[in-house]
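Following: one structure in structure tokens, then a few remarks.
The values are calculated or read from the model by the stated rules, or taken from the named source; none is laboratory data. Given the structure is predicted, the values throughout are model-derived calculations rather than measurements. Please note: Cβ atoms are built from the backbone with ideal geometry, for glycine as well, and neighbour counts cover all protein chains shown. Surface areas here come from the heavy atoms of the whole protein model, side chains and all, with no ligands, DNA or RNA. Shrake-Rupley method; radii C 1.70, N 1.55, O 1.52, S 1.80 Å.
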Amino acid sequence: QVQLVESGGGLVQAGGSLRLSCAASGRTFSNYVMAWFRQAPGKEREFVAGINRSGGITYYADSAKGRFTISRDNAKNTVALQMNGLKPEDTAVYYCAAAYTRVIVLSREAYDSWGQGTQVTVSS
């Protein structure tokens, strides 16, 4: 497993932007597919975006397409989520996750390392 620490959450008005960051340690970062999930109150934790081990392939949930961008820096052991055009329905706790796989997977059960989460609140 890798240890993951998120940062960058906060309160923003609708239409605004936030950049989430996740720092990894403990194992070879480039061996892991990375993803961002989110969980709103009373809802299941859901996949938001994923990136393959090299950073060359990304995948987004429909809710994130065109607004969010996931990226990674294997030299710095970090993954980021740039969120633009935020909406009130994006309000949730956002989690960074790592999976020891070759391809991006959407199921949270495939991810065995999780950060503590960072709160994102979008006001209308």
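Of note:
- Considering residues of the stretch 83-99 that are out of contact with any Pro (no Cβ under 9 Å at 6 or more places or on another chain) and either modelled with pLDDT under 95 or among the small types (Gly, Ala, Ser) (or both) only, the residue most open to solvent (accessible area, probe 1.4 Å): Gly85
- The strands (runs of 3 or more DSSP E) found wholly in the stretch 31-107 and carrying at least 2 residues that are farther than 28 Å from Gly15 by Cα and of a type outside the set (Lys, Arg) occupy 92-99.
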